[in-house]
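Note sheet for the following structure.
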Amino acid sequence: MILHGNQRGGAKNLALHLLKEENEHVDVHELRGFASDSLVSALNEIYAVSRGTRAKKFLFSLSLNPPPTENVSTDVFEDAIGRIEQKLGLSDQPRAIIFHSKEGRRHCHAVWSRIDAQNMKAIPLSFTKRKLMNIARELYLEQGWQMPRGLMNSKQRDPKNFTLAQWQQAKRIGRNPREIKRVFQECWAVSDNQSAFQQALKERGYTLARGDRRGFVALDHNCEVFAVSKWVGIRTKAIRSKLTDQTSLPGVDEARAQIAKEMAARLAKLRQQQDTAIRTRIAGIETKRLQMAEKNARHRRVLEEKHQKRWHAETLKRQGHFNKGLHGLFDRITGKYRRIKRLNEQEAYLAGKRDRKEKDALIFKQLEQRQALQVRIERLNKLNETGRQTLKRDISQYNEIADKKRESVKFERYTKRRSPVDRHRLER
């Protein structure tokens, strides 16, 4: 949902604005931390407390606007508001929540007091726009909503900060050379020295390193090497005017080993997160399976009792077809008894078939529901296995890179202890 917040004063005006009758429905959902039970009085309480400070903008007002086509529950709004106040440092501050409905849309407003009553100071709110935008992106991704272009983050994120889904997506799609060149050129343009350029590259997922022949290179999360001069698009001489300290940078092998170590650790953590998530989902499905089994058994018992009662009633009815006493004796002599018996047997047979058909119908319905649940279980197990194999392969590749560096370091240390002749033989 789109989140727009600002610091402001004017408690009474804000309260009257939020209660305007131009909205079809206005619902004051919550007033937390106030003595008053009306919105105007509650916001005036904040104003009264602020008089003990020098704060002019003693309120933080936030609007939460979900996509027009989505029906968003109150729980989602409350969860978003809770995350926002925690991110902004407004937890446990007096708060008002108001819902508006207009033209078939529902949105929400939240107002907090910025005044820390215990210390009589206004709580500083820095980088609120950036924090709200990050939370808005999270909400769009979590709820599966179509994200507006204005919220899309065009920056290449550091792969070590990827979620599992982002990592898998990054492996599925190719990388555009234009995008790589744009990243290098942007990092170069915003940097005025080597340290700034190195940090800018790091934020985009690249590690600046010392290349061969006194050149500068950058490595991405796949340990792919990129020549800085080539991708920035300027001569090596111009590069050296800004990048002056080559000795402080790691070599390519060292950078590869460091990247491999960090990526292997991150992927191991992702694998652990995946295992935890899969176990949680499997536990939830297992609970549903047990509930379904209990429910199905109960329905079968009910049907069985119904059949028994009906069979007993129908048996008594069939028994009533026979005459007793002299009439019954006469029926046996004339053959009527045999005809009634044969009809009763046919009725009993048809009744048995009817009961079996009803029982089968119930069982088939239950099997269909159980099969649908089993499909989910198998799909989840397959997803888990595929994800584990992919992550295992990637971790193994990064570990191999790190191991090669360790072996190289051991070999260098060993050769340094040998004589020049022995070192020459070893290197051959």
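Every condition in (1) free of Cβ contacts under 8 Å to residues at least 24 places away in the same chain; (2) touching a strand residue (DSSP E or B) at 6+ places or on another chain (Cβ under 9 Å); (3) among the small types (Gly, Ala, Ser); (4) closer than 25 Å to Leu141 by Cβ holds for Ser38 except the one numbered (4). Assessment of the stretch 387-406 against the conditions (surrounded by 11 or more Cβ atoms within 10 Å (Cβ to Cβ) and not in a helix (DSSP H, G or I)) yields no matching residue. Total residues in the stretch 24-66 satisfying the condition of being open to solvent by less than 70 Å² (accessible area, probe 1.4 Å) and among the charged types (D, E, K, R): the figure is 3. Counted as qualifying within the stretch 1-118 are the helices (runs of 4 or more DSSP H) with 1 or more residues that are modelled with pLDDT under 90 and over 28 Å from the mean Cα position of the chain (by Cα), namely 11-18.
Give me a count of the residues in the stretch 346-366 that are of a type in the set (S, T, N, Q) and more than 17 Å from Met292 (Cα to Cα). Number satisfying all stated conditions: 1.
What are the residues in the stretch 8-23 that are open to solvent by 60 Å² or more (accessible area, probe 1.4 Å) and in contact (Cβ under 8 Å) with a residue 12 or more places away in the chain, if any? Correct list: Arg8, Lys12, Leu16, Leu19, Glu22.
In the stretch 332-350, of all residues being open to solvent by 100 Å² or more (accessible area, probe 1.4 Å) and among the basic types (Lys, Arg), the one that is nearest to the chain's Cα centre (by Cα) corresponds to Arg342. For Leu329, the test of being surrounded by 11 or more Cβ atoms within 10 Å (Cβ to Cβ), without any contact (Cβ under 8 Å) to a residue 12 or more places away in the chain and of a type in the set (A, V, I, L, M, F, W, C) is passed.
Select from the stretch 357-366 the residues that are open to solvent by 80 Å² or more (accessible area, probe 1.4 Å) and not charged (D, E, K, R) and list them in ascending order. Within the stretch 357-366, Phe364 is the sole residue that qualifies.
For the stretch 115-122, the criterion of being open to solvent by less than 30 Å² (accessible area, probe 1.4 Å) and out of contact with any Phe, Trp or Tyr (no Cβ under 7 Å at 6 or more places or on another chain) is met by none of the residues. Of the residues making up the stretch 246-276, those that are at pLDDT 85 or above, open to solvent by 30 Å² or more (accessible area, probe 1.4 Å) and part of a loop (DSSP other than H, G, I, E, B) are Ser248, Pro250. Within the stretch 253-288, which residues are among the β-branched types (Val, Ile, Thr) and touching a Cys at 6+ places or on another chain (Cβ under 7 Å)? The answer is Ile259, and nothing else.
The values are calculated or read from the model by the stated rules, or taken from the named source; none is laboratory data. Note that the coordinates shown come from a computational prediction; the quantities given were computed from them, not determined experimentally. No Cβ is skipped: glycine too gets one built from the backbone with ideal geometry, and neighbour counts run over all protein chains shown. The protein model used for the area step is the full one, side chains on, heavy atoms only, and it has no ligands, DNA or RNA in it. Shrake-Rupley method; radii C 1.70, N 1.55, O 1.52, S 1.80 Å.
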